[in-house]
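These notes concern the structure reproduced below.
The values are calculated or read from the model by the stated rules, or taken from the named source; none is laboratory data. Since the model is a prediction, treat every value here as computed from it, not as a measurement. When we count neighbours, we look across all protein chains shown, and the Cβ atoms used for this are built from the backbone with ideal geometry, even at glycine. Side chains are part of the model used for accessible areas, which takes the heavy atoms of the whole protein and leaves out ligands, DNA and RNA. Shrake-Rupley method; radii C 1.70, N 1.55, O 1.52, S 1.80 Å.
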Amino acid sequence: MIWWIKTRRAHSVLPAALAGYLLYVLVSRNTFVPLPSIVGASNVVLSSFAPIPVVVGLAMSLSSRLPAAEASGTRQIPRMDAVLATTVVAAAVAIGLLLMNVTDATQAAAAGRNTAFLVGLFLCAKAVVGQRAVLIPVAWLMAVVLLGFRASGDPYPWTIVPEPAGAPHAAIGAAVLFLAGIMTLLRTSRKLS
């Protein structure tokens, strides 16, 4: 177990990623910024981009591996990776809920939900494109900014990320995609190099 943690760099990379996430959510709070959009008027909450350090940190951690030892080992590496990803997302959600209660920033809870959504998106894409999957959540955020808003500034339901913290369809979508990502990770963890 100790070697797995050291190989995954979970003791150094993931705490730094979560610290960056915490700092970003704490500083951005409920700040909205107007960003250029192709379709409608996009007034995006700045904390929508907070999950990126967590996704990148998790991607870096999961790509740190010893393929020969993991393929021939008796430990359940896919399960350990799934627990690692779930723990990181749970920590991000907890940080978001804590900051929402302490600072009254309602968008902090949405940042936790968005982390679950984008990590799930990354894990599903990782099975198809490998390490380049870390770019998929960033591409999703850019697509949301450029194409995800109506002329009135209201986000389309498919966007998930800019939805308010209490939107039930966004919470369900994030939970479903995160579970799909975990299931994909369980099936493909040893096969990926």
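Quick notes
- Evaluation of Y21 against (1) of a type in the set (F, W, Y); (2) in contact (Cβ under 8 Å) with a residue 24 or more places away in the chain; (3) open to solvent by 30 Å² or more (accessible area, probe 1.4 Å) (one fails), failing number: (3)
- Residues (within 18 Å of Q107 (Cα to Cα) and assigned to a loop (DSSP other than H, G, I, E, B)) located in the stretch 149-161: G153, D154, Y156, I160, V161
- Residue within the stretch 96-113 that is in contact (Cβ under 8 Å) with a residue 60 or more places away in the chain and among the basic types (K, R) present: yes
- Among the residues of the stretch 24-51, those identified as farther than 22 Å from S152 by Cβ, open to solvent by 50 Å² or more (accessible area, probe 1.4 Å) and out of contact with any Pro (no Cβ under 9 Å at 6 or more places or on another chain) are L26, V27, R29.
- If you go through the stretch 7-57 and pick out every residue that is touching a strand residue (DSSP E or B) at 6+ places or on another chain (Cβ under 9 Å), hydroxyl-bearing (S, T, Y) and part of a loop (DSSP other than H, G, I, E, B), you end up with 2.
- Restricting attention to the stretch 91-135 and to residues that are among the basic types (K, R) and under 22 Å from S64 (Cβ atoms), the residue that is most open to solvent (accessible area, probe 1.4 Å) turns out to be R132.
Residue by residue, here is whether (1) β-branched (V, I, T); (2) surrounded by fewer than 18 Cβ atoms within 10 Å (Cβ to Cβ); (3) closer than 17 Å to T115 by Cα; (4) under 14 Å from the mean Cα position of the chain (by Cα) holds:
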residue	(1), (2), (3), (4)
R150	no, yes, no, no
Y156	no, yes, no, no
V161	yes, no, yes, yes
P164	no, yes, yes, no
A167	no, yes, yes, no
A171	no, no, yes, yes
V176	yes, yes, yes, yes
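- Positions within the stretch 90-147 being modelled with pLDDT under 95 and of a type in the set (S, T, N, Q), in sequence order: N101, T103, T106, Q107, Q131
- Leading residue by the ranking (farthest from P34 (Cα to Cα)) among those in the stretch 136-148 that are under 14 Å from the mean Cα position of the chain (by Cα) and open to solvent by 40 Å² or more (accessible area, probe 1.4 Å): I136
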